[in-house]
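Here the structure comes first, spelled out in structure tokens, and everything after it is commentary.
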Amino acid sequence: MVMADTRGAARRRQLVVGNWKMNGSRAANAELLAALRAAGPWVAEVAVCAPSVYLADVALSLQGDSIAWGAQDCSPFDAGAYTGDVSAAMLAEFGCRYVLAGHSERRAMHAESDQLVADKAKAALAHRLTPIVCVGETLAEREAGQTEGVVKRQLSAVIHTLGHCISQVVVAYEPVWAIGTGKTASPEQAQAVHAVLRSQLMAASEHAGDMKILYGGSVKPDNAAILFAQPDIDGGLIGGASLKAADFAAICRAAH
Ligand code: PEP
């Protein structure tokens, strides 16, 4: 059993990030953000990751607010013949703070490898964006007893590529079987994997005690507090519930 990091938890400010995925419209986004601005601020840090086409709107809507914003993906390259892609340099120009790297939907639907995810995280860091690197096992992998091996392999590519800069990354543990399914990992299941990830990070960086490891997968207002109370869970990456202002605000309130 991997020991929990109980000392670091006290000094880590939690982070709650909304992942809108491919949802929204200019009008719906404006309404959602206005409601969130009215509901905040929160003790925890809060951010939303919107589809690329809306990022300039989101940046304007959030001007002067403590809610940060991020993108859902970035290219591993700075510029060039990469039709359809958006670079970290472009995102940085708009004031972007976070970028998701290796969300399971991109790993599965766009065949993103562990190394590509690591290269995207590296490109983000080169432009002072904070990558939120997502790792997580499928149901088949969990049932085959491979959870630890899978998440360690995914994180290890990022550690190897970033070296000592790994401490600037946020990690999100998102069991694939819990994303959008309504099946949340139990607090004990989630904490066990977070402790494994923390100890892997500890072996790579002396600053790992300050790093945030988020949990994602069907987090809702009624299960957020118990998940966020676990010693190695430092907040959440929220999909479906981040599209409803009241639910997302309640989840943000549950974090500290
Ligand atoms: C996600 O998309 O990262 C996610 C965790 O989705 P959901 O909260 O809907 O499970």
Unmet criterion (only one of (1) under 27 Å from Val48 (Cβ atoms); (2) modelled with pLDDT of 95 or more; (3) in contact with a strand residue (DSSP E or B) (Cβ under 9 Å, 6 or more places away or on another chain)) for Ala185:
(2)
Does region 118-135 contain any residue that is acidic (Asp, Glu), within 16 Å of the ligand (Cβ to nearest atom) and within 17 Å of the chain's Cα centre (by Cα)?
no
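For region 204-256, which residues satisfy the criterion of being in a loop (DSSP other than H, G, I, E, B) and small (Gly, Ala, Ser)?
Ser205, Gly217, Ser218, Ala229, Gly239, Ala255
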Six or more apart or on different chains, Cβ atoms under 7 Å: show the pairs whose first residue is in region 103-116 and away from the ligand (no atom under 15 Å from the Cβ) and whose second is not polar (S, T, N, Q).
Asp114/Arg153; Asp114/Ala157; Gln115/Ala157; Leu116/Pro76
Those residues of region 1-49 that are touching a Ser or Thr at 6+ places or on another chain (Cβ under 9 Å) and away from the ligand (no atom under 16 Å from the Cβ) come to a total of 12
Condition test on Val53, is it surrounded by 15 or more Cβ atoms within 10 Å (Cβ to Cβ) and not basic (Lys, Arg)?
no
Any residue in region 136-162 that's touching a residue at least 40 places away in the same chain (Cβ under 8 Å) and assigned to a helix (DSSP H, G or I): show its pairings with residues that are surrounded by 20 or more Cβ atoms within 10 Å (Cβ to Cβ) and aromatic (Phe, Trp, Tyr) at Cβ separation under 7 Å, as long as the two are six or more apart or on different chains.
Val151/Tyr173
Those residues that are surrounded by fewer than 18 Cβ atoms within 10 Å (Cβ to Cβ) and assigned to a helix (DSSP H, G or I), I need them from region 93-112; list them, please.
Glu93, Ala108, Met109
Tally up the residues in region 148-175 that are among the β-branched types (Val, Ile, Thr), more than 16 Å from the ligand (Cβ to nearest atom) and more than 17 Å from Ala123 (Cβ to Cβ), please.
1
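Determine whether region 73-81 contains at least one residue that is surrounded by 12 or more Cβ atoms within 10 Å (Cβ to Cβ), hydroxyl-bearing (Ser, Thr, Tyr) and in a loop (DSSP other than H, G, I, E, B).
yes
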Starting from residues that are within 15 Å of the ligand (Cβ to nearest atom) and surrounded by fewer than 22 Cβ atoms within 10 Å (Cβ to Cβ), keep the ones in region 213-238 and report whichever is nearest to the chain's Cα centre (by Cα).
Ser218
Over region 131-168, the set of residues surrounded by 23 or more Cβ atoms within 10 Å (Cβ to Cβ) and in contact with a Ser or Thr (Cβ under 7 Å, 6 or more places away or on another chain) is Cys134, Gly136, Glu137, Ile166
Which one of these is more than 12 Å from the ligand (Cβ to nearest atom) and not polar (S, T, N, Q): Ala185, Ala178, Ala245?
Ala245
Which listed residue is crowded, with 21+ Cβ neighbours inside 10 Å and in contact with a helix residue (DSSP H, G or I) (Cβ under 9 Å, 6 or more places away or on another chain), from Ala185, Ala172
Ala185
Of the conditions (1) among the hydroxyl-bearing types (Ser, Thr, Tyr); (2) under 27 Å from Leu227 (Cα atoms); (3) in a helix (DSSP H, G or I), Ser66 clears all except one; give me its number.
(3)
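Within region 163-183, which residues are of a type outside the set (A, V, I, L, M), part of a helix (DSSP H, G or I) and in contact (Cβ under 8 Å) with a residue 12 or more places away in the chain? Walk me through it before giving the result.
The first filter runs over region 163-183 and keeps only residues of a type outside the set (A, V, I, L, M), leaving 163-165, 167-168, 173-175, 177, 180-183.
Now drop any that are not part of a helix (DSSP H, G or I), which leaves 163-165, 167-168, 177.
Those that are of a type outside the set (A, V, I, L, M), part of a helix (DSSP H, G or I) and in contact (Cβ under 8 Å) with a residue 12 or more places away in the chain: His164, Cys165, Ser167, Gln168, Trp177.
The values are calculated or read from the model by the stated rules, or taken from the named source; none is laboratory data. Because the structure is a prediction, the values reported are computed rather than measured. Positions of Cβ are backbone-derived with ideal geometry, glycine not excepted, and every protein chain shown enters the neighbour counts.
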